[in-house]
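Trainee: I'd like to ask you about the structure that follows.
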Amino acid sequence: MVHQTEETRDKIIHVAEALFIANGFADTQMKDIASAIGMSRNTLYRYYQDKYDLGFAILVVVLKRKAVVYDKIMDQIEARHYASILDGLQVLMKAYCDIQYQDDDRFIAEFDGYYAGSRIPSEFRAKLAQRLPNTINHRLTNIVLLGQKEGSIRVDIPANQLAITLLNAIPTFFRRMLLRHDALMEADNDTIPLLTPVLIQLLLDGMRPVPTP
């Protein structure tokens, strides 16, 4: 029986995340991860039962790490640190695509790309909700409601729909840009970094109150 330690778990997660980012989920096997760590496959399987179990553990770590950043910004928005709620949301949207966290975004993109469609385990949603309560979406919805009451955000679209759109549109687009990079047919390399800011501006403009005729 191998005595499991948090230090070893952290090392496995760190090494595996880097391999998944570099080689993709399809081409990264548990034997590759074990070899990179310097442990036997049997020992690795005592920590994580398969590639999905390990990938899911990394996903939870990554999402929790991101949640800390988002929570701090939402604290500032709720404390009226910005001129308007919409101005605060602009800061939050930029954090969704902060280049300093691009490795985490690359991992999420690899995980989502591999575990999609019929590959998504039936228990995925319930398991993720158990490990990572959906507080960001609830908080963001409430912040959008504050903006609607304040008058900086349009009221003809429900706040929860606006919140869900923001949570998905920017990170998904940003991750696509990271993965495709020089293989993106629509734009050259110099243009790609400019595209996510364009999307943010379009979303901001689209959230402003609709002028009455």
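Trainee: State to the nearest 20 debye the size of the charge dipole of the range 1-119 about its Cα centre, where the only charges are +1 on K and R beta carbons and -1 on D and E beta carbons.
Mentor: Details: 14 positive and 18 negative charges, 50 e Å.
Computed charge dipole of the range 1-119: roughly 240 debye.
Trainee: Quick one: if the Förster radius is 22 Å, what FRET efficiency do residue 35 and residue 64 give, using the C-beta to C-beta distance and rounding to 0.05? Walk me through the numbers on the way to the answer.
Mentor: Working: r = 28 Å, r/R0 = 1.26.
Rounded to the nearest 0.05, the efficiency is 0.20.
Trainee: Charges at C-beta only: +1 for Lys and Arg, -1 for Asp and Glu. How large is the resulting dipole of the range 52-97 about its Cα centre, in Debye rounded to 20?
Mentor: Working: 6 positive and 5 negative charges, 23 e Å.
It comes to approximately 120 debye.
Trainee: While we're here: Could you work out the local net charge near residue 81, counting Lys and Arg as +1, Asp and Glu as -1, over the other residues with Cβ closer than 12 Å to its Cβ? Walk me through the intermediate numbers first.
Mentor: Numbers: positive: 72, 80; negative: 75, 78, 87.
Neighbourhood net charge equals -1.
Trainee: Can I ask one more? How far, in degrees from 0 to 90, does helix 85-96 lean away from the longest principal axis of the Cα atoms of the chain, to the nearest 10?
Mentor: 20
Trainee: So, in nm, how far is label residue 138 from label residue 204 when the simple model puts each one 7 Å beyond its Cα toward the Cβ?
Mentor: In this crude spin-label approximation the distance works out to 3.0 nm.
Trainee: Relative to the Cα centre, what is the charge dipole magnitude of the chain, using +1 at the beta carbon of each Lys and Arg, -1 at the beta carbon of each Asp and Glu, and rounding to the nearest 20 debye? If you can, show how the numbers build up before the last one.
Mentor: Details: 24 positive and 26 negative charges, 121 e Å.
The calculated dipole for the chain is roughly 580 debye.
Trainee: Using 7 Å Cα-to-Cβ label points, what is the residue 181/residue 150 separation (nm, one decimal)?
Mentor: Inter-label distance under the simple model: 3.8 nm.
Trainee: Divide by every residue of the chain the summed helix terms, -39500 (n - 2.57) for each DSSP H run of at least 4, and state the resulting mean residue ellipticity at 222 nm, rounded to the nearest 500 deg cm²/dmol.
Mentor: Working: 10 runs with 148 residues, N = 213.
My calculation for the chain gives -22500 deg cm²/dmol from helical runs alone.
Trainee: If R₀ is 45 angstrom, what is the calculated FRET efficiency for the pair residue 11 and residue 212, using the beta carbon separation as r and rounding to 0.05? Show your work: numbers first, answer last.
Mentor: Values: r = 59 Å, r/R0 = 1.32.
It comes to 0.15.
Trainee: How high is the relative contact order of the range 1-124, given as a whole-number percent (alpha carbon pairs under 8 Å, six or more residues apart)?
Mentor: Contact order relative to length: 28 percent.
Trainee: From Cα pairs below 8 angstrom and at least 6 apart in sequence, can you work out the relative contact order of the range 151-213, rounded to a whole percent?
Mentor: 56 percent.
Trainee: Now for a separate question. Tell me which of 200, 164, 174 sits at the most positive position along the dipole axis of the range 153-206, charges placed on C-beta atoms (Lys, Arg +1; Asp, Glu -1).
Mentor: Ranked along the dipole, the leading option is 164.
Trainee: When the solvent-accessible surface of protein heavy atoms is calculated with a 1.4 angstrom probe, in what order do 177, 185 fall, highest first? It would help to have the intermediate numbers written out before the result.
Mentor: Numbers: 177 15, 185 180 Å².
Listed by decreasing accessible area, they come as 185, 177.
Trainee: Can I ask one more? Find out how many positive minus negative residues lie around residue 148, taking Lys and Arg as positive, Asp and Glu as negative, among other residues whose Cβ is under 14 Å from that of residue 148.
Mentor: On the way: positive: 149, 154, 208; negative: 150, 156.
In short, +1.
Trainee: Another one. Residue separation times 0.36 nm, minus the C-alpha to C-alpha distance between residue 100 and residue 123: what's the value?
Mentor: Working: separation 23, 0.36 × 23 = 8.28 nm, distance 3.15 nm.
Extending this stretch completely gives an extra 5.1 nm.
Trainee: Now for a different question. Before anything else, pin down the relative contact order of the chain: Cα pairs under 8 Å, at least 6 apart, normalised by residue count, whole percent.
Mentor: On the way: 155 pairs, mean separation 45.4, N = 213.
Relative contact order for the chain comes out at 21 percent.
Trainee: On to the next question. Please report the spacing between the Cα centers of the range 86-141 and the range 63-80 in Å, no decimals.
Mentor: About 14 Å separates the Cα centre of the range 86-141 from the one of the range 63-80.
Trainee: Could you pull the accessible area for residue 138 with a 1.4 Å probe, rounded to 10 Å²?
Mentor: 110
Trainee: For a 28 Å ceiling on Cα separation, which of these pairs sit above it: 51/94; 31/94; 11/94; 94/149; 64/149?
Mentor: Numbers: 51/94 32 Å; 31/94 38 Å; 11/94 30 Å; 94/149 23 Å; 64/149 30 Å.
Too far apart for the 28 Å limit: 51/94; 31/94; 11/94; 64/149.
The values are calculated or read from the model by the stated rules, or taken from the named source; none is laboratory data. Here the structure is a predicted model, which is why all the values come from computation and not from measurement. Note: ideal-geometry Cβ built from the backbone for every residue, glycine included; neighbour counts use all protein chains shown. When the accessible area is computed, the model is the full protein with side chains, heavy atoms only, and any ligands, DNA or RNA have been set aside. Shrake-Rupley method; radii C 1.70, N 1.55, O 1.52, S 1.80 Å.
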